[in-house]
Amino acid sequence: MEALIEINELNLYYGEVRALRNVTLGIPERSITAFIGPSGCGKSTLLRTLNRMNDMIPGTRIDGSIKIAGTDIYSNQVDVETLRKRVGMVFQQPNPFPKSIYDNVAYGPRLHGIRDRKKLDEIVEASLRSAVLWNEVQHHLKRSAFGLSGGQQQRLCIARALAVEPDILLMDEATSALDPISTLKIEELTQELKDRYTIVMVTHNMQQAARVSQRTAFFLNGELIECAETQKLFANPSNPRTEDYISGRFG
Ligand SMILES: Nc1ncnc2c1ncn2[C@@H]1O[C@H](COP(=O)(O)OP(=O)(O)OP(=O)(O)O)[C@@H](O)[C@H]1O
């Protein structure tokens, strides 16, 4: 397996709390890797390390390394803004900006210097199409993003992330605030995106991990217990603790 993301002996501390313990994990490109485990096991923390969102939390310290395509993302030479352009993120609560649908998607490209109207129009359309939202919003691009349903807002946030052409998309419980139909749409969307992007998703929902991901990593108390092909992990886990968790014995 060729890994795009290589996490090596990673420890993360929030002050005195050690939230990640010696995590070593490779994440292959152009597929979906799901992080599962009980609340507080460190899934979101690990996800946030992949685009250095944890830098924003005071008192956070890490050791170990994370390489993306061979580059150590914690090295002094790495520009965090450039990293976050490459590694986009979608959160649990849809968080569109208080702007129009168009301006939400054009925000990143404008920030990166694209001013040409025709070029922006093209990016907005392509991103909304990739997020399977174009047909619903193409005649209302000037309307406020807040007028969209929760599920549409989440797809808008995915379009906004895609507009800057990332390689990697991080999804932190991106469907847990949505109704079942919107959840299904986002799950279908991930299947369309997985051949073009490397997707890493945190989910509370084991069925969701089983439905959408190619690989699943199971965490407990900040430790990676097991990472395997999703089918294998659910059908025939190697570790008894994985088995206990997926069979509902705890968590
Ligand atoms: N900003 C923070 N400051 C201090 N401790 C934190 C912070 N964020 C998380 N933690 C602690 O780090 C550990 C891992 O938390 P994290 O949110 O990564 O787990 P999680 O598996 O994503 O949980 P959940 O599924 O509930 O979101 C927990 O013990 C948590 O209390």
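Annotations for the structure displayed:
- Neighbours by Cβ (under 6 Å, 6+ apart or cross-chain): first from the stretch 208-229, in contact (Cβ under 8 Å) with a residue 40 or more places away in the chain; second within 14 Å of the ligand (Cβ to nearest atom) and part of a loop (DSSP other than H, G, I, E, B): 209/203; 218/37; 219/37; 219/41; 219/42; 220/37; 220/41; 222/42
- Pairs where the first residue, in the stretch 19-30, is under 11 Å from residue 168 (Cβ atoms) and the second is within 15 Å of the ligand (Cβ to nearest atom) and outside any strand (DSSP E or B), C-beta under 9 Å, 6+ apart: 27/50
- Restricting attention to the stretch 224-251, the residues being farther than 23 Å from residue 199 by Cβ and at pLDDT 95 or above number 7.
- Condition check for residue 55: within 16 Å of the ligand (Cβ to nearest atom) and more than 29 Å from residue 247 (Cα to Cα): yes
- Pairs linking a residue in the stretch 38-58 that is closer than 19 Å to residue 5 by Cα to a residue that is part of a loop (DSSP other than H, G, I, E, B), with Cβ atoms under 7 Å and 6 or more positions apart or on different chains, are 42/222; 43/37; 52/73.
- Residue 21 being charged (D, E, K, R), within 12 Å of the ligand (Cβ to nearest atom), in contact with an Asp or Glu (Cβ under 8 Å, 6 or more places away or on another chain) and at pLDDT 95 or above: yes
- Helices (runs of 4 or more DSSP H) contained entirely in the stretch 128-236, each with at least 2 residues that are under 23 Å from residue 109 (Cα atoms): 134-137, 150-162, 180-193
- Among (1) modelled with pLDDT of 95 or more; (2) out of contact with any Asp or Glu (no Cβ under 9 Å at 6 or more places or on another chain), the one test that residue 77 misses: (1)
- Count of the stretch 83-113 residues which are surrounded by 16 or more Cβ atoms within 10 Å (Cβ to Cβ) and either among the β-branched types (Val, Ile, Thr) or on the phi > 0 side of the Ramachandran plot (or both): 4
Conditions tested, residue by residue: (1) buried (at least 22 other Cβ atoms within 10 Å of the Cβ); (2) touching a helix residue (DSSP H, G or I) at 6+ places or on another chain (Cβ under 6 Å); (3) over 25 Å from residue 98 (Cα atoms).
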site	(1), (2), (3)
153	yes, no, no
163	yes, yes, no
175	yes, yes, no
184	no, no, yes
196	no, no, yes
237	no, yes, yes
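The values are calculated or read from the model by the stated rules, or taken from the named source; none is laboratory data. This one's a predicted model, so the numbers in the text were calculated from it and none came from an experiment. Neighbour counts run over all protein chains shown; Cβ positions are idealised from the backbone, glycine included.
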